[in-house]
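Each remark here refers to the structure printed beneath this line.
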Amino acid sequence: MAFPADRPRRLRRTDTLRKLVRETELSPSDFMLPLFAVSGRGVRKPIASMPGVAQLSVDNLVEEARTAYNAGVRSLILFGIPDRKDAEGTSAWDANGPVCTGFKALKDALPDMVLVADVCMCEYTDHGHCGPIERDARGHVAVANDRTLPLLARAAVAYARAGADIVAPSDMMDGRVAAIRTGLDENGLSDTPIMSYAVKYASGFYGPFREAAQSAPKQGDRRGYQMDPANVREARREALLDVGEGADIVMVKPALAYLDVIAEVKRTTNLPVAAYNVSGEYSMLKAAAQAGWIDEKRVCLEILTGIKRAGADIILTYSAAEAARWLQD
Ligand code: PBG
């Protein structure tokens, strides 16, 4: 026979036919919007490498969150930029700092928004590493794993008390999920879930974020604690460890160069899987769109669809509010 019997094009003829057989449908409630909190009032300090993203004082944070909420976004994750940094990162649990005061204001203004606290020391330490540093037995500078754990637990408790619905450790210390779980439980916060950045790679795609959060390490890099981009079996190991320690949601980060890892983690655990469409991925999209080289709306929705198709139940993305509006167009 000259023609194939199986003709997939039959189902592509009209928009409604295509919609009928669509396998992956994005929804604004899939998205989680990252926001950066600073102290002060009326502050909106744009991040040059992330067009459309700014450091915001609490009043503007609430407005930004409301805009996203009105577009259909139902969750956000908060990062803090403190006024003061020290070797241990003690501003991380400051009840009067921008993160804790931000959560209180957000809870009052938008009680239905899921508020997530990023838990890490790198924004709060003066050296920019994700925990206090020390010289190891060989004389090398390294992050002190076990000394970091109580600091993370203390910060997580402070955020949950201030109104965070979920805490999300992004430091990559071994044992932090168990330490945070214990800290929350001992403080009457046993119903606060942990979304762990279980599979976080040492990635060049975090560059713009480190400008936004002022958290670039002064010396060295994060390869001694974040994962090697070449590894996927290790991703399984990390995810299962965090499941065993009590994680409620596991995350893969970054997203685009790691779609296979998202799929693998989805197969490995029964937990919801989050994927972080990180700063460098956003900046590439914005830069190409600003140059007129790609259609931003189309490419953005294509990227987010790809991340969801790979297995993500939740997508952290700086495009959350825009994408949510585009989905309603
Ligand atoms: C903190 C943290 C980072 C990101 C989220 N939490 C930066 C890092 O590990 O250096 C990156 C997010 C992004 O690039 O959008 N540890």
Inset, instruction - Give the Cα extents of the stretch 63-199 along the principal axes, in whole Å, largest first. - result: 54, 30, 27
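Quick one: compute a quarter of the convex hull surface over the Cα atoms of the chain and quote it in nm².
Details: hull surface 78.9 nm².
Its Cα hull, projected and averaged over all orientations, spans 19.7 nm².
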Legend entry - Sites matching GluC sites (Glu not before Pro) across the stretch 16-75 that sit in DSSP coil, with at most 10 neighbouring C-beta atoms within 10 Å: GLU23, GLU25
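Express the relative contact order of the chain as a whole percentage, based on alpha carbon pairs under 8 Å and six or more residues apart in sequence.
18 percent
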Legend entry - Helix 233-245 vs. the chain, principal-axis angle (Cα, 0 to 90°, nearest 10): 60 degrees
Legend entry - Mean projected area (nm²) of the alpha-carbon convex hull when the stretch 13-115 is viewed from all directions: 9.4 nm²
Inset, instruction - Give me the angle, in degrees from 0 to 90, between the Cα long axis of helix 279-290 and the longest principal axis of the Cα atoms of the chain, rounded to the nearest 10. - result: 50 degrees
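Just so you know, all these numbers are worked out from the coordinates, no wet-lab data involved. Just so it is clear, the model here is predicted, and its values are computed rather than measured. Methodologically, a virtual Cβ is constructed for each residue, glycine included, from the backbone with ideal geometry; neighbour enumeration extends over all protein chains shown.
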